[in-house]
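The values are calculated or read from the model by the stated rules, or taken from the named source; none is laboratory data. Computed from a predicted structure; not experimentally measured. Counting neighbours? That spans all protein chains shown, and the Cβs are built from the backbone with ideal geometry, glycine included. To get the accessible areas, we keep the full protein, side chains included, count just its heavy atoms, and leave off ligands, DNA and RNA. Shrake-Rupley method; radii C 1.70, N 1.55, O 1.52, S 1.80 Å.
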Amino acid sequence: SEFMIYYLYGLLTKTITNGLVLDGFPTDQCTFDALDEFIKDNNFTLTVFHLALTDEVEAIRRSLTKQTQLTKDDIGRQTRHFEQHMGPLLATYQARNILHSLAFPASATPPQVHDRILEVYDFSCKYVS
């Protein structure tokens, strides 16, 4: 986590002009606090999107298809781990009024998710895979 914070410091201060998408980061309160301090010090704005799946069974099926070593128990453990660690962080985002949540079916493609975010939040950018 410390490495990622230092990496982001360099990236954000040197190359980012119109924004940055961080997928799955930060993952805990400690890394969020470090990132938050940097954001405040540099007058950046933080917006958080929480993209949830509406169909847990389909999500598990797709995960099992992609990673055949994973079992349903593994997926359950991952889900509980996510809820335990990300729940408090999502609450922090919510309390600061920076959290935007959207739910999608597990069958949604990346361009569909992208288009829905733009539709709901009126951003102007195009999907690049």
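Using a 1.4 Å probe and ignoring any ligands, DNA or RNA, find the accessible area of residue 54 and quote it in Å² to the nearest 10.
Here the residue's solvent-accessible area equals roughly 90 Å².
For a quick check: with amide H placed at 1.01 Å from N, whose amide H comes under 5 Å from residue 49's, ignoring anything fewer than 5 positions away on the same chain?
Distant-sequence amide H within range of residue 49: 100.
Treat each spin label as a single point 7 Å out from the Cα along the C-beta direction, and report the residue 92 to residue 115 distance in nm.
In this crude spin-label approximation the distance works out to 3.6 nm.
Please give the solvent-accessible surface of residue 96 in Å², to the nearest 10, using a probe radius of 1.4 Å with every protein chain present.
90 Å²
Using a 1.4 Å probe on the protein heavy atoms only, what accessible surface does residue 21 show? Give it in Å² to the nearest 10.
130 Å²
Pull up all non-local amide H partners of residue 55: gap of 5 or more, or a different chain, and H-to-H distance under 5 Å with H placed in the peptide plane.
Amide H neighbours of residue 55: 106.
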